[in-house]
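**Q** I'd like to ask you about the structure that follows.
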Amino acid sequence: MGFMDILERYAGQAAGAAPPDTHADFSTVASQAPPDALGSGIADALRGGQAGSFASAIEQLFANSDRQQRTGLLAQLVQAAGPALLSSFAGGALSHLAQPGVPVQPADTDALTPAQAGELASAAHANDPGIVDRVGAFYSQHPTVVKALGAAALAFAMNRMARRA
């Protein structure tokens, strides 16, 4: 069964409804769908509240990501948050990233808890709402981690993808 066949099944799903095979369906869709379509669906799930608030979704993603993925996520959040926020955030643990041209390093993620990543996400979203789309695009490259958001969020993402198809 192709990913479009699967998306058709989710097109009529009510928000919050998730069939028992949602995780497997998402795996198939993630392996076959164009990355931009998958990223848009993930962003919709992050925006749509099926995974909780954007901050709580980022907490879950951060907690379930490996070090390299956490570094990529943090880089997205840092860019959206801006230098003023970074100098005071988490007791200044990220203040060095407020300097132009300083890249996020894997060790920087060690300084943050998932809850702090969620707080940073909330502040980054307030400063730059486009961060949701960039996080969706980033995690389209790491769809296995997205499963941590739960079946309702995955079903919502596939529903939105179906509506765009």
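**Q** Let's test the formula: R0 of 45 Å, r as the Cβ-Cβ distance of Asp110 and Arg164. What FRET efficiency results, to the nearest 0.05?
**A** 0.75
**Q** Determine the sum of side-chain charges near Ala111: Lys and Arg each +1, Asp and Glu each -1, restricted to other residues whose C-beta is under 14 angstrom from that of Ala111.
**A** Charge balance near Ala111 sits at -1.
**Q** Right, here's the next one. Karplus couplings for segment 124-131 from phi (6.51 cos²θ - 1.76 cosθ + 1.60, θ = phi - 60°), rounded to Hz, Gly and Pro as x?
**A** Once rounded to whole Hz, the list reads 5, 5, 5, 7, 8, x, x, 4.
**Q** I've got another one for you. Starting at the first residue of segment 110-117, write each ³J(HN,Hα) from the Karplus equation 6.51 cos²θ - 1.76 cosθ + 1.60 with θ = phi - 60°, in whole Hz, x for Gly and Pro.
**A** So the Karplus estimates, Gly and Pro as x, are 5, 7, 10, 8, x, 4, 5, 4 Hz.
**Q** Which whole-angstrom value gives the distance between the alpha carbon centres of segment 146-165 and segment 9-41?
**A** Cα centres, segment 146-165 to segment 9-41: 4 Å.
**Q** Got a sec to turn the phi values of segment 100-109 into Karplus ³J(HN,Hα) couplings, 6.51 cos²θ - 1.76 cosθ + 1.60 with θ = phi - 60°, whole Hz, x for Gly and Pro?
**A** Karplus-based 3J(HN,Hα) across segment 100-109 equals x, x, 8, x, 6, 10, x, 5, 5, 6 Hz.
**Q** Mean-square fluctuation check for the chain, GNM, Cα pairs under 10 Å: which of Gln68, Gln76, Gln60 is largest?
**A** Gln68
**Q** When the Kirkwood radius is taken over all Cα pairs of segment 15-69, what Stokes-Einstein diffusion coefficient follows at 20 °C and 1.002 mPa s, in µm²/s?
**A** Stokes-Einstein gives a translational diffusion coefficient of 171 µm²/s.
**Q** Now for a different question. Neighbour counts of other C-beta atoms within 10 Å: give me Ser87, Ser31 arranged from fewest to most.
**A** Ser31, Ser87
**Q** What's the local net charge at Arg160, with K and R +1, D and E -1, over the other residues with C-beta under 11 Å away?
**A** Neighbourhood net charge equals +2.
**Q** Here is a further query. Rounded to the nearest 500 deg cm²/dmol, what is the calculated helix-only ellipticity per residue at 222 nm for the chain, with -39500 (n - 2.57) per DSSP H run of length n ≥ 4?
**A** Estimated from H runs of four or more residues: -20000 deg cm²/dmol.
**Q** Determine, from the Cβ-Cβ distance of Ser31 and Gln99 and an R0 of 41 Å, the FRET efficiency 1/(1 + (r/R0)^6), rounded to the nearest 0.05.
**A** Plugging the Cβ-Cβ distance into 1/(1 + (r/R0)^6) gives 0.55.
**Q** Could you state the angle between the C-alpha long axis of helix 67-81 and the longest principal axis of the C-alpha atoms of the chain, as a value from 0 to 90 degrees rounded to the nearest 10?
**A** 70
**Q** Please find the FRET efficiency linking Ala90 to Thr144, where r is the Cβ-Cβ separation and R0 is fixed at 22 Å, and quote it to the nearest 0.05.
**A** 0.20
**Q** When a footprinting reagent is the concern and you count Cβ atoms within 10 Å, what order do Met4, Met161 take, fewest first?
**A** Met4, Met161
**Q** What list do you get for Glu119, Glu8, Glu59 if you sort them by fewest beta carbons within 10 Å?
**A** Glu8, Glu119, Glu59
Read-outs: derived from the displayed coordinates by stated rules, not from any lab. A quick note: this is a predicted structure, and the numbers were derived from the prediction, not measured. Cβ atoms come from the backbone with ideal geometry, glycine included; neighbour counts cover every protein chain shown.
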